[in-house]
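S.K.: Structure incoming, see below.
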Amino acid sequence: YAHSAIYYKDGRICEPPKRTDAGEAPGDAQQSQSRWNFKDYHWEERDWAPVLQERLAQALVGTELWRDKRSPGDRLGITGVEIDGWAVSNIRKGTTKNLCEFTAKVTFTGSRAGAGISACVAVPEVTHESTTETLATQVTSEAITTPVMERVVSQSGQVVERQAAEGVPMERAMRSHEMLLKLVNRKGAGVVKDAVAKALQEFLQGGGSSSRPGEEGENEASRQGVGQSSAGATSAAGSI
């Protein structure tokens, strides 16, 4: 009887089953983005390292530490961000645990008078147990030179630019490198540390339960029944 048509029709044994739409999970709001994970009961793990890297890049890339007003080409700024390690958001039985262990690497590029610097500020051993006080920075750098251009008059009488026969003098290159490296140590390292600390705090306080950048459209498709979980996320589910 329990499995007969009568059961499903009149519900005399219990309330007839009701279809739950993809975006309408009853009860408390879910922390996961997968609509099939009813009340976050099943184990679900999401890779959050790419999101951390993207958010750090949004906060840091393009930041300028110095620019010469008389020579706009002479400047020092952040040009890249990399996360080396892992960060995951785990959900099970309504409980979220965000865990991570990674090294953040931020690239600085600068030039001055034909010479310059390529530097990396690393924040190693960042974990879910780290605090602002325990975060440390490591700076590595190398001097770089750019071709020296000079203006000359060609045989046709036009003024053209060409690479000078002599490059940047070593003494000038070392002075430029030293000046730019001081800026990286004095200002850049602090900027990187603050950005990593902020991103880590947001992640541990629930960043793993919020939508990823650009994921809103995917969630809308999921609510319409196109997919059971957001695209681009690594999910594992099962009743444990």
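S.K.: Quick one: is residue 82 at pLDDT below 95 and within 22 Å of residue 127 (Cβ to Cβ)?
M.R.: Details: at pLDDT below 95: no; within 22 Å of residue 127 (Cβ to Cβ): yes.
So residue 82 does not fit the description; no.
S.K.: Something else: Before we move on, is residue 126 open to solvent by less than 50 Å² (accessible area, probe 1.4 Å), at pLDDT 75 or above and under 17 Å from residue 107 (Cα atoms)? Give the derivation first.
M.R.: Values: open to solvent by less than 50 Å² (accessible area, probe 1.4 Å): yes; at pLDDT 75 or above: yes; under 17 Å from residue 107 (Cα atoms): no.
So residue 126 fails the test.
The values are calculated or read from the model by the stated rules, or taken from the named source; none is laboratory data. Since the model is a prediction, treat every value here as computed from it, not as a measurement. FYI the Cβ positions are ideal-geometry reconstructions off the backbone, even for glycines, and counts take in every protein chain you see. Only protein heavy atoms, including side chains, enter the accessible area calculation; ligands, DNA and RNA are left aside. Shrake-Rupley method; radii C 1.70, N 1.55, O 1.52, S 1.80 Å.
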